[in-house]
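Take a look at the structure below.
The values are calculated or read from the model by the stated rules, or taken from the named source; none is laboratory data. Just so it is clear, the structure is predicted and the values come from calculations on it, not from any experiment. Here the Cβ is made from the backbone with ideal geometry for all residues, glycine too, and neighbour counts use every protein chain on show. Just the protein is used for accessible areas: all its heavy atoms, side chains included, with ligands, DNA and RNA removed. Shrake-Rupley method; radii C 1.70, N 1.55, O 1.52, S 1.80 Å.
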Amino acid sequence: MTDTNARETLIDLLHGVERFNTEVFPKNRELFASLADQQSPGTLFIACADSRVNPGLITQTKPGELFVLRNIGNIVPAYGEMLGGVSSAIEYAVLALKVSHIIVCGHSDCGAMKALLDPDPSKLAKMPTVASWLRNAEAARAVLEVSDAGPASVRSLAEQNVLLQISHLRTHPAVAAGLARNTLTLQGWFYDIPSGEVVILDEAARHFISVHDAIEKLRAVTAQADTQAAQPA
């Protein structure tokens, strides 16, 4: 990118800020006023830092509804492995914000998954921090039998990685406590960029199902819980 192009990119961003200040913010003044002194998101959304993944757009949520944690490969190191920004964000979301749900969302054409599938590890030689970070997803690759880094293999690894990071989440004390008290649920998603399709992990069956089927399953569980609650003790 030339210096001129780089400056134009920054100018475009600043024009976006101008439009937000003059058009978007005034139309949503009451919403932002309600968020001025507090936040109470219901969901911690863990997504890849990939610029094509927009959690708010995918879920059609407003500011204040998602507590978003993003990093390369939507990775959650097991507790104690890499205590830092990810683990502190999880702890804060569960204990301070008291979120009810944690979602881990993988996606198609993920660069992190491509790097894990690349037979030439020297490509990461100039990015040692990235190489170290991706070791938290190595177990996902170990369970797959793939011989290429094509779209199907990248998707399979991305889906397996969601499963792995959900299991890592369970090692975090705050998450384990929330699950034990039934105040917290975990869910894995996969977002296909070219089709816009999102599929939901059925963790018990270890495969992904449609959003419609996931909604129906949740409604069935809710109905069953309501029936049991209505029965005399």
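Quick rundown of the values:
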item: Residue within segment 51-62 that is touching a His at 6+ places or on another chain (Cβ under 6 Å) and either modelled with pLDDT under 95 or closer than 19 Å to Q187 by Cβ (or both) present; result: yes
item: Qualifying residue in segment 153-164 (condition: open to solvent by 60 Å² or more (accessible area, probe 1.4 Å) and either on the phi < 0 side of the Ramachandran plot or in contact with a Leu (Cβ under 8 Å, 6 or more places away or on another chain) (or both)); result: yes
item: Residue within segment 131-140 that is under 21 Å from the mean Cα position of the chain (by Cα) and either surrounded by fewer than 12 Cβ atoms within 10 Å (Cβ to Cβ) or assigned to a loop (DSSP other than H, G, I, E, B) (or both) present; result: yes
